[in-house]
Structures are given as structure tokens and as C-alpha cells.
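Asker: Dropping the structure in here first, questions after.
The values are calculated or read from the model by the stated rules, or taken from the named source; none is laboratory data. Here the structure is a predicted model, which means the values were calculated and not measured. Using ideal geometry, Cβ is built from the backbone for each residue, glycine included, and neighbour counts are taken over all protein chains shown. In case anyone asks, the SASA skips ligands and DNA or RNA and just uses the protein heavy atoms, side chains included. Shrake-Rupley method; radii C 1.70, N 1.55, O 1.52, S 1.80 Å.
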Amino acid sequence: MNVVIYPPSSLAGMPMVNEALVVDADPRHLSNVVRVLSPHMQVTGLQQGRQAMEALQSRSWGMVFVDLDLADITGMQLIDQLARSQDRAGLVIMSSQPSRLLHAAAGHAIGRGLNVVAAVRKPLGVQFMGEVLDELAAMRSQRDARLPAMASPATRFSAHELRAALDWQQIRPYFQPQHDVVTGALRGAEVLARWHHPDGRMLSPPVFLPAFEREGMAGCFTAYMLGSAFELLSREERDSHRQLAVNVPATVAGSVQWAQGISEQAGRAGIDPGRLIIEITEDGGPGCDLALSGAVTQLRLRGFHCAIDDFGSGDSSLDRLMAVPFNEIKINRSMVLQAREHMHARSLLASIIAMGRQLVATVVAEGIEEQSDLRMIRDLGCHVSQGYLHGRAMSRGAYVRYAQRCDRVQRAQALPAL
């Protein structure tokens, strides 16, 4: 059975799941799904798409199971109706069609703002249904546990608050480890930001980065994060080869002068530029690629590594890769997630990794959460892994201790057998 259970972030705003609508053209399969769900919630089962359309128009639901292969209308039309209704139901997409169509339908639904819980080929077994219900409960629990630490999407931070967050070091660097896929050695970490807000919340970048951009302070924030990376690198042992990767918006890395300033900053800190990876994020649009190519060329000439972040999404495209001399390609979590279950996604992942190797570029895969993920990217030839399998983003002190443990393990493995 090909199935993708989508991540918790897709469930923001979901109501309590007390009632479910199941729409399935196959009466036997419909009966089985209703039977499994009934002990857990009130369930309405329908075979006809137009009846389901009326049910969606008339009320809201906790969960909706949609078969793509309906006789009178398609499941895609029901998905669009769910989106028009702005229903926050958890959506499970079912079909006997190839997994690529399921994947595309799920992508469309997510793009319309729907809470896609899973996309699965029929028949839905009892074990899968149990997994969906368990996953739903776990994701709701995780979401509820995070609520006190999160800001409302409507929160607006003033320039004064943002400046204070930097000046008083309320925004702190966190480090997510990266490991060599073949040897397991610690390669370094990506530097991420967390805002320890005075009201007690710990805010993640999607909550506050738009405010920095809106206030014209993206450059200040980037300089702050680069400074944090330089500080840690300067304190490490001089013979260390560990690297740190820092996200830089394409709109900030827009000139040779900016790149030269980074080089001079590294020189003043006594940092080997080869230990810093500048990850260019996907913003800016294709119009900034020419300016970006000059900045990245200057950085490369000065010995820095430069990565194209989230390759294959947004503006991180073949055009940008063609124009800008990156020597690292970073594959985001969603592609790894999709490659677990969909052969076409795995083929695309394999092609990107092969292309990266042909370009003599390091290929980094994010979202490595299971040993099976690590085996998959290792078999495909990826160089570096990052994800929860190794560790979540951690404070500076925790990362230093983590690196020391990794060093001890490496030294122990290097000792000759007695």
C-alpha cells in the first residue's frame, strides 16, 4: 500500500474530530471504512459525489475521506468544494489510481489550504486506519503542546521590538547537526534562529522572519546570524574541519560588495572561509539571479561554500542553478518524505543527486528521520544528511557537547584493534 501521512504543520486549526464524512464509490469498501471509524466518531457514508457536494456545502466536518474515482463527479471537485468552504477538516484522499495521481491530488489540496492527513491507495486496511487515527491523535497532541509557544499568524512586531530582540540577544542561534552519509562523521550544523520572547514564548522563524522583511531589516537579521556562526567557529579548535551553514536571503546576497564584506569579516575573526556555508534561500525571484551570481562568485573566489537551498521549490530552480556557481545543493524535507512512498518522487530525488554529483557539488538531504531514509539517500549517492534521526535543532551548549561526543566516537573507531 502506497501511503503518505503528512506532517503536523498541515493540521493547524483543525477542529475536534467528532464527525467524519466518507465518500467512496465502492459500496463494500465504503462499508469497511465506516465500520472501522464508527467506534471512534459519528460517520456518514456516501457513494454519490453530488450527494457529498451537498453535504460539504451544508455543514463542516471533523474529517473527510474522499475517493478520487467517483462515478458522477471526481474527488478533485469535492476537494475544491472543501477549499471553497474554507473547511478545516482533516482530509484523507483515497484512490485506486497510481500513486503519482494521489500525490498530485494531495499537493493540489495542500496548495488550496486544506489539512491533508494522508493520501493512500485503496483498499484501506484496518491497520492503516488505526495508524491514521493514532497519527491524528499524536499530531493534535503535538500541536496543542506547542500552542503556548506560538504567536498568532496575525502578530505584527514593530521595528523597535525586532531591534531589541537582536540587541538584547533574545534571538539565539540553534544548531541542527549534519552528518556524512557514508562515514557517519559529524560534518557540522545548520544555524537556525529561535526567539526567546520576553512574554515566555519561543518563536520559530516563520513567525518573525516576515516582520524583519517587512521592516526592511532582513540584512540586519542575516548579519546577526552570520556573526553568531563566526563566533562559534572562532572558539572551536583551529584544526577542526566542522562547518556551519547559515541561511541568507537572495535579496540580501545581492552584490559583490556584500560578499567581500563577509570575507573581510571572516578574516577579522580568523575564520577559514571553507568552514562557512552560505545557503541562499529561495526568495527574490529570477530577476535577482544575475546580481546573486556576482555575489556567489566572489564568495567562491574567497574560499566560501555556497548552497542553493530547498532545490526544486520556489525560485530554487534549474535557472538559478545554471546562473549561479553553487557548489552545494540542498534537498528539502518534503522531497525526502515523498520519496519514501512514491517511485516518481524517488526517481526525481535520484536525478537531483546524480546531477549534483556531476556538477561536483555536495548534496545535502534534509528531513532524515528514520534509518530507512538514511539508507535510501546513501544508496542514491547523497553526501550529507540532516534531520531528526541525528537530532533536533539544539542550543549552542548542547551542540558543543554533541560535537564532543561525536569526536570521541570517531577517535574510538579510529583506534587499532588490540
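Asker: Which of the following residues is touching a helix residue (DSSP H, G or I) at 6+ places or on another chain (Cβ under 9 Å) and in contact (Cβ under 8 Å) with a residue 12 or more places away in the chain: N327, N332?
Answerer: Details: N332 fails: touching a helix residue (DSSP H, G or I) at 6+ places or on another chain (Cβ under 9 Å).
Step by step, each of N327, N332 is checked, and only N327 is touching a helix residue (DSSP H, G or I) at 6+ places or on another chain (Cβ under 9 Å) and in contact (Cβ under 8 Å) with a residue 12 or more places away in the chain.
Asker: Residues of region 361-380 being open to solvent by less than 10 Å² (accessible area, probe 1.4 Å) and in a helix (DSSP H, G or I), which ones?
Answerer: If the condition is that a residue be open to solvent by less than 10 Å² (accessible area, probe 1.4 Å) and in a helix (DSSP H, G or I), then D373, I377 are the ones that fit.
Asker: OK, next. Sort through A345, A339 and tell me the only one that's buried (at least 18 other Cβ atoms within 10 Å of the Cβ) and in contact (Cβ under 8 Å) with a residue 60 or more places away in the chain.
Answerer: Every option except A345 fails the conditions.
Asker: Taking region 251-303 as the region of interest, how many residues are open to solvent by less than 20 Å² (accessible area, probe 1.4 Å) and at pLDDT below 90?
Answerer: Final tally of qualifying residues: 3.
Asker: Going by the structure shown, is I368 at pLDDT 90 or above and either polar (S, T, N, Q) or more than 17 Å from the chain's Cα centre (by Cα) (or both)?
Answerer: Taking the combined requirement at face value, the residue does not satisfy it.
Asker: Which number in (1) farther than 20 Å from E366 by Cβ; (2) free of Cβ contacts under 8 Å to residues at least 60 places away in the same chain marks the one condition that L232 misses?
Answerer: Status for L232: all satisfied but (2).
Asker: Additional query: Just name the residue that is least open to solvent (accessible area, probe 1.4 Å) out of those in region 168-203 that are modelled with pLDDT of 95 or more, farther than 12 Å from M225 by Cα and among the charged types (D, E, K, R).
Answerer: R187
Asker: I would also like to ask the following. Is it the case, given these coordinates, that T222 is of a type in the set (V, I, T) and more than 30 Å from A165 (Cβ to Cβ)? So that I can check it myself, show each step before the final result.
Answerer: Numbers: of a type in the set (V, I, T): yes; more than 30 Å from A165 (Cβ to Cβ): no.
No; evaluated as a whole, the condition is false for this residue.
Asker: A follow-up question, please. Looking only at residues in region 91-110 that are more than 20 Å from Q47 (Cβ to Cβ) and at pLDDT 85 or above, which one is nearest to the chain's Cα centre (by Cα)?
Answerer: Checking each candidate, the answer is I110.
Asker: Looking at (1) touching a Lys or Arg at 6+ places or on another chain (Cβ under 8 Å); (2) of a type outside the set (K, R); (3) closer than 23 Å to A104 by Cβ, find the lone condition where L318 falls short.
Answerer: Here L318 meets the rest and fails (1).
Asker: Within region 381-395, track down each residue that is surrounded by 17 or more Cβ atoms within 10 Å (Cβ to Cβ) and in contact with a Leu (Cβ under 8 Å, 6 or more places away or on another chain).
Answerer: If the condition is that a residue be surrounded by 17 or more Cβ atoms within 10 Å (Cβ to Cβ) and in contact with a Leu (Cβ under 8 Å, 6 or more places away or on another chain), then S385, A393 are the ones that fit.
Asker: How many residues does region 204-240 contain that are assigned to a helix (DSSP H, G or I), open to solvent by 50 Å² or more (accessible area, probe 1.4 Å) and touching a helix residue (DSSP H, G or I) at 6+ places or on another chain (Cβ under 8 Å)?
Answerer: 3
Asker: Output the residues belonging to region 118-133 that are among the β-branched types (V, I, T) and either open to solvent by 10 Å² or more (accessible area, probe 1.4 Å) or modelled with pLDDT of 85 or more (or both).
Answerer: Correct list: V126 only.
Asker: Okay, next question. So V181 clears everything in (1) closer than 24 Å to T297 by Cα; (2) under 21 Å from the mean Cα position of the chain (by Cα); (3) among the β-branched types (V, I, T) except one condition, right? Which one?
Answerer: Here V181 clears every test but (1).
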